[in-house]
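Okay, structure first, notes after.
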Amino acid sequence: MIKVKINGKAIKVQEKTTIIEVADNHGIEIPRFCYHKKLSVAANCRMCLVEVKNFPKPLPACATQVADGMEIFTKSKQTKDCQQSVMEFLLINHPLDCPICDQGGECDLQDTAMAYGSPKSRYQEEKRVVLNKNLGPLVSTDLNRCIQCSRCVRFLKEVGGMQELGLIGRGEHAEISAYVKKSVESEISGNVIDLCPVGALTSKPFRYSARTWEMIRKSTISPHDSLGSHLEAHVKDGNVMRVLPRENEDLNECWISDRDRFSYMGINHQNRVKTPLIKKGATHEPISWEVAFQLIEKQLHPKQNQFKADDVVFFTSNQTTMEEAFLVKKMAEYFNSHQIKFDAANGPAYIKHPSLNTQVKKIEEFESIILLGSQLRNQNPLILQRLRKMASHGKSISVINHIDFNLQVNLDQKVIKPITDFKKFFQQILKDIKTDSKKISKTAEQRLSKIISNKTLLLIGEDVYSHPEFLKFAPIINDIIDETAMQFGCLPAGANSVGLHQLFSHYKNTVEIKNYQASLTVNLDPAFDFADSQMHEMVMQKSKFNILISPFLNQNNKHYDLILPSATHFENEGSFLNIESRLQNFTQTIAPKFESKPLWKILRVMGNYIECPDFEFETCSQITNKIANKIHTFKKLNLVNEELNHHKVNYRLANINQSDLLVRKSKALQDILHLRNEK
Amino acid sequence: MNEIVDKNLNLEITNKQLFNICLRTKHLKNSNSLETYKSIGGYEQIKKILKNKLDPQQLIDEIKISGLRGRGGAGFPTGIKWSFMPRDYDGIKYIVCNSDEGEPGTFKDRDIIRHNPHQLIEGMLIGAYIMNAQVGYNYIHGEIWEEYVSFEKAIEEARKAGLLGKNIFGSGFNFELHAFHGYGAYICGEETALIESIEGKKGQPRYKPPFPATYGIYGKPTNVNNTETYASIPWIIENGGQAFMAHGVKNSGGTKIFSVSGHVEKPGNYEIELGMPFEQLLKEAGGVWKGRKLKAVIPGGPSTPVVPADIIRNATIDYDGLAKIGSSVGAGSMIVMDETTCMVSALKRLSYFFYEESCGQCTPCREGTGWVYRIISRIYQGQATLDDLDLLTDVSKKISGRTICALGDAAATPVLSFIKHFRDEFEVFIKNGKKLVN
């Protein structure tokens, strides 16, 4: 600890912190534009210049480390003069048209100019004109407003992993540009909208649709990946206008993925199911909820039907909330059915209670990471971002996979081989660990054997631990854990994958293809969401009465005798158990559109109609309270030893912009796909 | 260091002459060939150093005694700068010769490369030995292609003669030197922008600290020195620090090339003993042309303050002599202006240069240089008021000292000094809307 003085007040601070960090930690305001705590220091905007005693020139607070005895003045005449002059310089080429700027009212430049600028400019010449660039469907540009702070450039390079934007040209002609004729393709690109301190980069879908002060802020949780990013939905007139991150260092830091940011656009998609629909010949016709439930009673009430065990089959997605899953499970028990596919995107997991086994933020405490399988960039881009950060701090990140994904990470080792060769590979690593050679590593196995220690985290992707081949090499991984005390974690992808595996721990996540009396498909479109969509098709053909509960019509609806409109995530409430087994509740952001209802309510009323016992829930939280949560952590892989012979391997390539119903209905996210397909 | 100098030397201020150290071979036939350089004892110094494995610290002391200061403009003592390089660094270290002279009126490094490239190479070899660097670059200004080509030839000659590469003179010392042709941005002459440019990035200065000596090319310790600085080294090692010092005056050891341009009869490069009176240098350059009177001089290049004739007339040309009259040696690009020079047009041209060459990274320089140029243009077009002179001064002061690199200061300097010394002329121009002189 060292002592410094800020504005005459003595404080003790950590060594190697910068003036701006000290000021931020002590509630002393220093204006800034280019500085951002998560990005490298550029020191180019000069707004944070402060007077420091015994220094002839003012120093940038963002780039100057404190030293013992330093005296800093954030309000002195010199500091104020610097602030005022930089403000004046920044504004000479900035269009002062805040009333027609989308950033107006939430603009750092506007606020800072009010607080630190002079009311009058002495500049009377013409202002610079910069042509706008097309950066794709998400980010809109108004480059006249750009103040060249380079936050967006640094973000894409450092956090996104690829320099997709740059500052081209010199001096006054410096401007932000993507590569020639390229748009920005990062899956977390939308964060540049939040980072931009002015109105130069704004949200294309949100543009000109609302003012910041007109919207109500509602907190929610991301339903799109197992991280469960904290979101803030901005609502106007019952509609979600935009989604922004809520800062949470443990999970998403201050970022969210583009999928989290723009999926709200799907809420009002034309394919929404507006009322309950009943099959009439080749088409469906609207009916009332009451008629729909009466039909369900007729078709599903055990007293009116002769059901044997396993006569009713269930399909749900990995976004199903704890509460919804709890009701599905109760219903299945009522029908004495084990035929539940609770995570349609995957086969059965060969590991019990797959979860990260540690906290997300603790990933960064490890010295090395080995990524086994996983489509991280398309499934959990913000966890990948943490690995990228680790790599840039010199930590070792390695990949073992059977498909070569471009992770935009500086990798130590990259091993791409067929999954059938993994066994041999791990055997060799184990052998090399045991021989512990001092020689320079020539092979990937030798190198990995040296990397692995008790400071290593092995991250296993869900497509690997739900692959039948996994059981062949998993015991060797356990042997490596015995030798090295390496730690491991799993990377389930879905918002509630961890919760579903916990609730359905006695189910195998497979269903038999046989004759059924009835089926229930919930929030799924088999054309996209199944690892094995043919299986679903065959079950539909063999089942007598098929119900689909979904906010949207599917690509193919001919099998469904009854379609019920459920609410989308933003109209729903419930909870997810995220990748680190953290139970996260969310409430309704907006009222359900049309006649749709939250799924838990539909299931509850269904249960009442068919006289399911203990279904008298009045609120969602009453259900939540019924669910016992237990956090499972393991030192070693807890394998499911039972051979699951009938399981067919169906590798499903994850596409971040097609991951679930809402994402697929978001126009902006689909436009990205079309743009890429055209190339 | 000053102590050593003071103790050992009793300097004569008078009787300074032209004396070629860096341009030793300029008047010889085939001046740039290895043969010519060897004929005057070239590469003997590095040979001596390597054969006898001389102590680097001793060599640094010798350079400190010589009083050699960085010839690129900042004038930082070279011996001290070289001692900043970490000695026992485990890994590659770089040295860079900065031949990116881009300021209007600079053309000395070009002559060194053109006429005496091997002395520069030997200087870099000695530098590499002292700082234990394995790789060197000569970053050559983008606009001089022929010199880049001829320097490549010189490197090749040296390589073939076993003077560059592995195991030089059988000593086990390795040094590889590369010529790097710049892309013609003034900012790349700033050492950290130059480093970025060598790395293949856009030439933009880095924030310092860390300085290149700890974090340079690819994050490795790097030393950047001017061409003339490196080219002075072999002579200093050959003749000793004191002998070099004796050619100059206190605080300004040795000789320095002045690139005299503008309104003189014989513009060109003059390597002078520092401390030479200005009048003498002007005479060497043939005096003011066409028999006209001297109006003003920019002694060290546009980034150094302009000095009116009656002030510079009694000055000596050395670091202290020019500091005394409120200017500096800079890179020695002396621009002489006769009585017909319109100071408004001159300043307009200079401020256009800085406006054009600002890298655009930090706010005061990016926005300020354009603003300054526009105000001066407004004066030039007769559309300004007297208040604009104060505005001009104020804006320049707000650029100066508030930027990442020295370009902001360099851009402000001419504005502040022109208005300081020639305010009347600006006022007359504003009042009449036209030039005072024709």
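Go through A:234-247, B:326-339 and give me the packing order, highest mean Cβ count within 10 Å leading.
Working: A:234-247: 18.1, B:326-339: 23.3.
Ranked from most to least packed, the peptides come out as B:326-339, A:234-247.
Could you work out the relative contact order of chain A, using alpha carbon pairs under 8 angstrom and six or more residues apart, expressed as a whole percent? Intermediate values should be presented prior to the final figure.
On the way: 1356 pairs, mean separation 100.1, N = 679.
Relative contact order of chain A: 15 percent.
Given points 7 Å out from each Cα along the Cα-Cβ axis, report the B:Asp424 to B:Asn52 separation in nanometres with one decimal.
About 6.0 nm separates the two model spin labels.
Quick one: with all protein chains in place, what share of the accessible area of the protein assembly as shown is carbon or sulfur, to the nearest percent (1.4 Å probe)?
Details: 21700 of 44310 Å².
After summing per-atom areas, the C and S share lands at 49 percent.
Once every DSSP H run of n ≥ 4 in the protein assembly as shown is given -39500 (n - 2.57) and the sum is divided by its residues, what mean residue ellipticity at 222 nm do you get, rounded to the nearest 500 deg cm²/dmol? Don't skip to the answer; put the middle values down first.
Numbers: 39 runs with 381 residues, N = 1117.
Result for the protein assembly as shown: -10000 deg cm²/dmol, rounded to the nearest 500.
Averaged per residue, what accessible surface does chain A expose to a 1.4 Å probe, in Å²? The partial results should precede the final answer.
Numbers: 27870 Å² over 679 residues.
Accessible area per residue, chain A: 41 Å².
Cut-off under 18 Å on the C-alpha distance; same-chain residues fewer than 8 positions from A:Lys182 excluded. Which lysines are left, in chain and number order?
Within reach: A:Lys133, A:Lys157, A:Lys204, A:Lys679.
Quick one: net charge of B:Lys38's neighbours, Cβ under 11 Å, K/R +1, D/E -1?
Numbers: positive: B:Lys47; negative: B:Glu35, B:Glu44, B:Glu122, B:Glu157.
That sum, taken over residues with Cβ under 11 Å, equals -3.
So how far apart, in nm, are the two label points at B:Ala74 and A:Ile216 if each is 7 Å from Cα heading toward Cβ?
Using points 7 Å along Cα→Cβ, the separation is 6.0 nm.
Considering the convex hull of the alpha carbon atoms of the protein assembly as shown, report its projected area averaged over all viewing directions, in nm², one decimal.
On the way: hull surface 203.4 nm².
For the protein assembly as shown, averaging the hull's shadow over all directions gives 50.8 nm².
Quick check on packing: order B:360-367, A:113-120, B:237-244 by the mean number of other C-beta atoms within 10 Å, highest mean leading. Spell out each step's value before the answer.
On the way: B:360-367: 29.5, A:113-120: 13.1, B:237-244: 18.9.
My ranking of the peptides, most packed first, is B:360-367, B:237-244, A:113-120.
Using Cα atoms only, what is the angle between the long axis of helix B:407-432 and the major principal axis of chain B, expressed in degrees (0 to 90) to the nearest 10?
30
Would you please put A:431-440, A:536-545, B:183-192 in order of how densely packed they are, using the mean number of other Cβ atoms within 10 angstrom per residue and starting with the highest? Each step should come with its number before you reach the end.
Numbers: A:431-440: 11.4, A:536-545: 17.6, B:183-192: 23.0.
Taking the mean over residues of other Cβ atoms within 10 Å, the ranking is B:183-192, A:536-545, A:431-440.
Can you return the aspartates and glutamates within cross-link range of A:Lys558? Criterion is Cα-Cα under 12 Å, with same-chain partners fewer than 8 residues away left out.
Qualifying aspartates and glutamates at Cα under 12 Å: A:Glu537.
With a Förster radius of 35 Å, plug the Cβ-Cβ distance of A:Glu595 and A:Glu365 into 1/(1 + (r/R0)^6) and report the FRET value to the nearest 0.05. Walk me through the intermediate numbers first.
Details: r = 49 Å, r/R0 = 1.41.
For A:Glu595 and A:Glu365, the calculated efficiency is 0.10.
Residues of segment B:351-377 that become at least 30 Å² less accessible with every protein chain present than in their own chain isolated, using 1.4 Å: which are they?
When all protein chains are present, B:Tyr355, B:Glu356, B:Gln361, B:Thr363, B:Pro364, B:Arg366, B:Glu367, B:Trp371, B:Arg374 each give up 30 Å² or more of accessible surface.
Extension gain A:Lys630-A:Glu106, at 0.36 nm per residue separation less the Cα-Cα distance, in nm?
Working: separation 524, 0.36 × 524 = 188.64 nm, distance 4.21 nm.
Working it through step by step, the gained length comes to 184.4 nm.
At a cut-off of 40 Å², which residues of segment A:43-72 become less accessible once all protein chains are present than in their chain alone, using a 1.4 Å probe?
A:Asn44, A:Arg46, A:Lys57
Buried accessible area for the A:B pair, summed, 1.4 Å probe, in Å² rounded to 100? Write out the running numbers ahead of the final one.
Details: alone 29300 and 17880 Å², together 44310 Å².
About 2900 Å² of accessible surface is lost on pairing.
If I model a spin label as a point 7 Å beyond the Cα along the Cα-Cβ vector, how far apart are those points for B:Arg159 and A:Glu249 in nm?
Placing both labels 7 Å along Cα→Cβ, they lie 5.3 nm apart.
Have a look at the DSSP beta bridges in segment A:164-259 and tell me what percent are antiparallel, nearest 5. It would help to have the intermediate numbers written out before the result.
Details: 17 of 17 bridges.
Bridges in segment A:164-259 that DSSP calls antiparallel: roughly 100 percent.
Provide the gained length on full extension for the span A:Gln555 to A:Lys38, in nm with one decimal, where the gain is 0.36 nm per separating residue minus the Cα-Cα distance. Please list the in-between numbers first.
Values: separation 517, 0.36 × 517 = 186.12 nm, distance 4.19 nm.
Result for the pair: 181.9 nm of gain on full extension.
When the accessible area of each residue in segment B:185-214 is compared between its chain alone and the complete protein assembly (1.4 Å probe; ligands, DNA and RNA ignored), which residues differ by at least 50 Å², being lower in the assembly?
The answer is B:Lys202, B:Tyr207 - residues whose exposure falls by at least 50 Å² when every protein chain is included.
What does the charge add up to near A:Ile610, with Lys and Arg as +1, Asp and Glu as -1, over the other residues with Cβ less than 12 Å from its Cβ? List each step's numbers first, then the result.
Details: positive: A:Lys298, A:Lys303, A:Lys330, A:Arg604; negative: A:Glu297, A:Glu611.
So the surrounding residues net to +2.
Looking only at other chains, what is the average number of their beta-carbon atoms within 10 angstrom of each beta-carbon in A:80-90?
5
So the label point goes 7 Å from the Cα of B:Val437 along Cα→C-beta, right? Which residues of segment B:308-331 then have their backbone N under 13 Å from it?
Label zone hits: B:308-310.
Report the gain in length on full extension from A:His173 to A:Cys98: 0.36 nm times residue separation, minus Cα-Cα distance, nm rounded to one decimal. Provide the component values of the computation, followed by the final result.
On the way: separation 75, 0.36 × 75 = 27.00 nm, distance 2.27 nm.
Length difference between fully extended and current span is 24.7 nm.
Taking each residue in B:396-405, count the Cβ atoms of any other chain within 10 Å of its Cβ, then average. What number comes out? If you can, show how the numbers build up before the last one.
Working: counts 0, 2, 7, 2, 1, 5, 10, 4, 6, 0.
Mean shielding count: 4.
Say the dipole of chain A comes from +1 at the beta carbon of Lys and Arg and -1 at that of Asp and Glu; which of A:Thr568, A:Pro31, A:Ser533 then lies farthest toward its positive end?
A:Pro31
R0 = 41 Å: FRET efficiency of B:Lys290 with B:Glu176, Cβ-based, nearest 0.05? Let's see the in-between values first.
Details: r = 50 Å, r/R0 = 1.23.
With a Förster radius of 41 Å, E is 0.20.
How high is the FRET efficiency from B:Asp320 to A:Asp68, r the C-beta distance, R0 41 Å, rounded to 0.05? Walk me through the intermediate numbers first.
Values: r = 35 Å, r/R0 = 0.86.
The formula returns an efficiency of 0.70 here.
Tell me whether segment B:115-258 comes out rounded, prolate or oblate; compute the Cα gyration tensor, take square roots of the eigenvalues as a ≥ b ≥ c, and use a/c under 1.5 as the rounded threshold. Provide the component values of the computation, followed by the final result.
Details: a/c = 1.41, a/b = 1.17, b/c = 1.20.
It is rounded, given that a/c, with a ≥ b ≥ c, falls under 1.5.
Would you list which aspartates and glutamates come within 16 Å of A:Lys57, measuring only between C-alpha atoms, while excluding same-chain residues fewer than 8 positions from it?
A:Glu71, A:Asp81, B:Asp409
Could you give the semi-axes, largest first, of the ellipsoid that matches segment A:513-568, computed as the square roots of 5 times the alpha carbon gyration tensor eigenvalues and rounded to whole Å? Write down the numbers at each step before the final one.
Values: eigenvalues 62, 37, 14 Å².
The three semi-axes for segment A:513-568 are 18, 14, 8 Å.
What relative contact order, as a whole-number percentage, does segment A:521-679 give when Cα pairs under 8 Å and 6 or more residues apart are counted?
Working: 151 pairs, mean separation 29.6, N = 159.
The normalised contact order for segment A:521-679 reaches 19 percent.
Over 19 Å apart: what share of the alpha carbon pairs of segment A:397-506 falls there, rounded to a whole percent?
Details: 2943 of 5995 pairs.
Summing the P(r) of segment A:397-506 above 19 Å gives 49 percent of all pairs.
Give me the net charge for the shell around B:Glu62: Cβ to Cβ below 11 angstrom, other residues only, Lys and Arg +1, Asp and Glu -1.
Details: positive: B:Lys64; negative: B:Asp55, B:Asp61, B:Glu238.
Residues near B:Glu62 contribute -2 overall.
Which entries of A:Lys329/A:Lys472; B:Lys38/B:Lys81; A:Lys77/B:Lys431; A:Lys5/A:Lys37; A:Lys352/A:Lys414; A:Lys508/A:Lys542 show an alpha-carbon separation above 25 angstrom in the structure shown?
Details: A:Lys329/A:Lys472 31 Å; B:Lys38/B:Lys81 29 Å; A:Lys77/B:Lys431 35 Å; A:Lys5/A:Lys37 22 Å; A:Lys352/A:Lys414 28 Å; A:Lys508/A:Lys542 21 Å.
Cα-Cα > 25 Å for A:Lys329/A:Lys472; B:Lys38/B:Lys81; A:Lys77/B:Lys431; A:Lys352/A:Lys414; rest within.
What relative contact order, as a whole-number percentage, does segment B:21-79 give when Cα pairs under 8 Å and 6 or more residues apart are counted? Walk me through the intermediate numbers first.
Values: 27 pairs, mean separation 10.0, N = 59.
In percent, rounded to a whole number, it is 17.
The values are calculated or read from the model by the stated rules, or taken from the named source; none is laboratory data. Bear in mind the structure is a predicted one, so any value in this text is a computation, not a measurement. Methodologically, a virtual Cβ is constructed for each residue, glycine included, from the backbone with ideal geometry; neighbour enumeration extends over all protein chains shown. SASA here: full protein model, heavy atoms, side chains in, ligands and nucleic acids out. Shrake-Rupley method; radii C 1.70, N 1.55, O 1.52, S 1.80 Å.
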